[in-house]
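Colleague: The following block contains the structure, expressed as structure tokens.
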Amino acid sequence: MEGMSRLSDECVDLVVTSPPYNLGIRYRKYSDRQDRQSYLDWCRKWAAQVGRILKSSGSFFLNIGGAPSNPMLPHEIAIELRDVFVLQNTIHWIKSIAIDTAEGRTSAPNPHLNPFSAPPSRDPGEADAKRQVRVDGGTKTYGHFKPINSPRFLNDCHEYVFHFTKSGRVELDRLALGVPYQDKSNIARWSHTRGSDLRCRGNTWFVPYETIQSREKERPHPATFPVQLAEWCINLHGASRVHTMLDPFLGIGNSAVAAQRCGVKRFIGFEIDETYLAEAKRRIG
């Protein structure tokens, strides 16, 4: 907050960050165990500074996670910020997923259950039965998660990325993260495609962590998001529109690496731990 207070009003185009979650993570210099209300009050204070320096046309992507025993925390933070921002989009960052491809599990009337089949046609004259696709049997898992040994809770395989703006009306480059249509007939049938074989990816993003051999050497920070997650936020807002980007909780600099890869001209980051800051500087050269 001290660093942001030195920045002028509306000088930042994009903010991508992930603050401590107050879940007891062991940082080197920060105590992640505040009482709940003190933590929420603190979030409101630093978010007010973000609101002051963010342009009216800017985007603020806030990555926040909870815990199975504390599932309301991300939503409580979003509520605290509603006096400063409009929640324009809620993105679900999927870190791990299991896809059931067992043969026979998907019947013709339920093609949505088969992740590899084409979606049902909007043309009532075309039978869904023709659109069923046979796949190899089995369940496949992708990504990484921290297993939970509990008879009450499920493994937590996702986090939130809240997309805040000042007005709720900031246009995005939706096709910068576009994916091709499985059913190519959609291209001609839907006028909004304008002949392009790309559709909006939607608000579920599967971005797994890269496999590492040593946390101390390869990811020397207890709580990071993947560089790709920050890259997607930059590209969704529109990389060409980002002249200045901010991360007030820099950590080891994944957002800075993403900004460098996306050609962002100016990046500002704040970090209270000199060791994390040194690693961030090393990574961006």
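Colleague: Pick from Thr165, Thr211, Thr224: which is surrounded by 12 or more Cβ atoms within 10 Å (Cβ to Cβ), at pLDDT below 95 and among the hydroxyl-bearing types (Ser, Thr, Tyr)?
Modeller: Within the list Thr165, Thr211, Thr224, the selection yields Thr224.
Colleague: OK, next. Taking Ile272 as meeting all but one of (1) touching a helix residue (DSSP H, G or I) at 6+ places or on another chain (Cβ under 7 Å); (2) modelled with pLDDT under 95, write down the number of the exception.
Modeller: Among (1) touching a helix residue (DSSP H, G or I) at 6+ places or on another chain (Cβ under 7 Å); (2) modelled with pLDDT under 95, Ile272 violates only (1).
Colleague: How many residues are open to solvent by 60 Å² or more (accessible area, probe 1.4 Å) and at pLDDT 85 or above if we restrict to the range 185-197?
Modeller: Of the residues in that region, 0 qualify.
Colleague: From the set of residues in the range 175-184 that are touching a Leu at 6+ places or on another chain (Cβ under 7 Å) and open to solvent by 40 Å² or more (accessible area, probe 1.4 Å), which is nearest to Glu231 (Cα to Cα)?
Modeller: Among those that are touching a Leu at 6+ places or on another chain (Cβ under 7 Å) and open to solvent by 40 Å² or more (accessible area, probe 1.4 Å), it is Ala176.
Colleague: Can you tell me which residue is most open to solvent (accessible area, probe 1.4 Å) among those in the range 149-162 that are within 19 Å of Ile97 (Cα to Cα) and assigned to a strand (DSSP E or B)?
Modeller: So, considering only residues that are within 19 Å of Ile97 (Cα to Cα) and assigned to a strand (DSSP E or B), the one most open to solvent (accessible area, probe 1.4 Å) is His158.
Colleague: Looking at the range 277-284, is at least one residue in contact with a Pro (Cβ under 7 Å, 6 or more places away or on another chain), assigned to a loop (DSSP other than H, G, I, E, B), more than 18 Å from Ile234 (Cα to Cα) and touching a residue at least 24 places away in the same chain (Cβ under 8 Å)?
Modeller: Looking for residues that are in contact with a Pro (Cβ under 7 Å, 6 or more places away or on another chain), assigned to a loop (DSSP other than H, G, I, E, B), more than 18 Å from Ile234 (Cα to Cα) and touching a residue at least 24 places away in the same chain (Cβ under 8 Å), one finds none in the range 277-284, hence no.
Colleague: Let me ask you something else. Determine the pairs where a residue that is among the small types (Gly, Ala, Ser), located within the range 63-92, has a partner that is loosely packed, with under 14 Cβ neighbours inside 10 Å with Cβ atoms under 8 Å apart, the partner being 6 or more residues away or on another chain.
Modeller: That search, which allows pairs on different chains as well, returns Gly66/Met72; Ser69/Phe153.
Colleague: Name every residue in the range 233-269 that is part of a loop (DSSP other than H, G, I, E, B) and surrounded by fewer than 16 Cβ atoms within 10 Å (Cβ to Cβ), in order of residue number. Walk me through it before giving the result.
Modeller: Taking the range 233-269 as the starting set, the residues that turn out to be part of a loop (DSSP other than H, G, I, E, B) are 238, 242-243, 248-253, 262-265.
Matches in the range 233-269: His243, Gly263, Lys265.
Colleague: Tell me which residues, restricted to the range 58-75, are open to solvent by 10 Å² or more (accessible area, probe 1.4 Å) and either more than 14 Å from Leu23 (Cα to Cα) or in contact with an Asp or Glu (Cβ under 6 Å, 6 or more places away or on another chain) (or both).
Modeller: Those that are open to solvent by 10 Å² or more (accessible area, probe 1.4 Å) and either more than 14 Å from Leu23 (Cα to Cα) or in contact with an Asp or Glu (Cβ under 6 Å, 6 or more places away or on another chain) (or both): Pro68, His75.
Colleague: Here's another thing I want to ask about it. Just to be sure before I move on: is Ala259 under 16 Å from the mean Cα position of the chain (by Cα) and hydrophobic (A, V, I, L, M, F, W, C) in the structure I sent?
Modeller: yes
Colleague: Can I ask one more? With modelled with pLDDT of 85 or more and farther than 30 Å from Arg52 by Cβ as the only criterion, which of Asn110, Asn155 stands out?
Modeller: Asn155
Colleague: Checking Lys217 against (1) closer than 27 Å to Ile272 by Cβ; (2) modelled with pLDDT of 95 or more; (3) surrounded by fewer than 18 Cβ atoms within 10 Å (Cβ to Cβ), only one condition comes out false. Which one?
Modeller: Condition (2) is where Lys217 drops out.
The values are calculated or read from the model by the stated rules, or taken from the named source; none is laboratory data. In this text, all values refer to a predicted model and were calculated from it rather than measured experimentally. Here the Cβ is made from the backbone with ideal geometry for all residues, glycine too, and neighbour counts use every protein chain on show. These accessible areas exclude ligands, DNA and RNA; they are computed on the full protein's heavy atoms, side chains included. Shrake-Rupley method; radii C 1.70, N 1.55, O 1.52, S 1.80 Å.
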